[in-house]
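Worksheet for the structure shown next.
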Amino acid sequence: EDKVVQSPLSLVVHEGDTVTLNCSYEVTNFRSLLWYKQEKKAPTFLFMLTSSGIEKKSGRLSSILDKKELSSILNITATQTGDSAIYLCVPYNNAGNMLTFGGGTRLMVKP
Amino acid sequence: EAQVTQNPRYLITVTGKKLTVTCSQNMNHEYMSWYRQDPGLGLRQIYYSMNVEVTDKGDVPEGYKVSRKEKRNFPLILESPSPNQTSLYFCASSFLGAEKGYTFGSGTRLTVV
């Protein structure tokens, strides 16, 4: 059975702090790993990672995949209150054509 | 506008009264899926469909039914809802093998009393 574990479960920081969110996974027929941000509604896409060691960046957010360790991290620098959300790590199972969602990390950024 | 439309957005119902949550997409996607989201458990897949008349169970299918008679629609049916099906439900769709293009609906918050 495919599994995803994210840590920490929940995190409270102040604006300007840097945070690192962790994801470890066990997925058969792994093809890629996606990160999503979920605020009040549906998850929205952040990154897709397919190769180890190549960092993806979008502004203050960056992510990297380690296929050997079956893990990924999401970094957010200079956090803002608008970064408050649940961050979901989602490996993609190529065989079943499906996303396996972890429980997410709930990030709260205080002013 | 390309989108996945779920209805209703909010629903409060009583135990045992059959209900249907509709999901429709206008992107000609082959793949459609239903998830439920509960605190601390992330999104868990209920059922998915890779094309018309092809449906498969996800991780938590008990108490749910689906059908895929047309490509655009993928309704979720609760024949006899129970309080443990109180949850936030999401429908999603994509082209087959296009994980990056996963599009979610806005969600349906269901309460069963």
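For the pairs A:LYS68/B:LYS71; A:LYS37/B:LYS69; A:LYS67/B:LYS71; A:LYS67/B:LYS100, flag any whose C-alpha to C-alpha distance is greater than 30 Å. In this structure, A:LYS68/B:LYS71; A:LYS37/B:LYS69; A:LYS67/B:LYS71 lie more than 30 Å apart at Cα. Chain B packed on chain A takes about 1700 Å² of accessible surface away from a 1.4 Å probe, both sides summed.
Quantify, in whole percent, the carbon and sulfur part of the accessible surface of the range B:41-92 (1.4 Å probe; protein heavy atoms only). That fraction is 48 percent. Would any residue of the range A:81-106 have its amide N under 18 Å from a label point 7 Å out along Cα→Cβ of B:LEU96? List them or say none. Within reach of a label on B:LEU96: A:93-99. A 1.4 Å probe run over the range B:13-113, with the rest of the protein chains in place, finds 43 Å² accessible per residue. Evaluating 6.51 cos²θ - 1.76 cosθ + 1.60 at θ = phi - 60° for every residue in the range A:7-12, the Karplus couplings come out as 8, x, 5, 8, 8, 10 Hz, glycine and proline recorded as x. Across peptide A:43-49, the average count of Cβ atoms from other chains found within 10 Å of a residue's Cβ is 3. Residue by residue along A:99-108, Cβ atoms of other protein chains within 10 Å of the local Cβ number 4 on average. Taking a sphere under 13 Å around the Cβ of B:GLN85 and counting the other residues whose Cβ falls inside, with K and R at +1 and D and E at -1, yields a net charge of +3. Separation of the range A:12-30 and the range B:46-65, taken as the distance between their Cα centroids, equals 29 angstrom. For chain A, the share of accessible area belonging to carbon and sulfur comes to 50 percent (1.4 Å probe, ligands and nucleic acids excluded). In this structure, the amide hydrogen of A:MET98, modeled 1.01 Å from its nitrogen in the peptide plane, lies closer than 5 angstrom to those of A:ASN93, counting only residues at least 5 positions away or on a different chain. At 7 Å along Cα-to-Cβ for each site, give me the label-to-label distance between A:SER51 and B:LYS65 in nm. Spacing of the two 7 Å Cα→Cβ label points: 4.9 nm.
Electrostatic bookkeeping for A:LEU11 treats Lys and Arg as +1 and Asp and Glu as -1; over the other residues with beta carbon under 13 Å from its beta carbon, the sum is 0. Here the protein assembly as shown is assigned +1 on the Cβ of each Lys and Arg and -1 on the Cβ of each Asp and Glu. Its dipole about the Cα centre then comes out at about 480 debye. Taking every residue in B:37-50 and counting other chain Cβ atoms within 10 Å of its Cβ, the average works out to 4. Take chain A with all the other protein chains still there, run a 1.4 Å probe, and you get 49 Å² of accessible area per residue.
The values are calculated or read from the model by the stated rules, or taken from the named source; none is laboratory data. These numbers were taken from a predicted model, which means no experiment stands behind them. Backbone-built Cβ (ideal geometry, glycine too); neighbour counts: all protein chains shown. Each accessible area value is taken on the protein alone, full model and side chains, heavy atoms only, with ligands, DNA and RNA left out. Shrake-Rupley method; radii C 1.70, N 1.55, O 1.52, S 1.80 Å.
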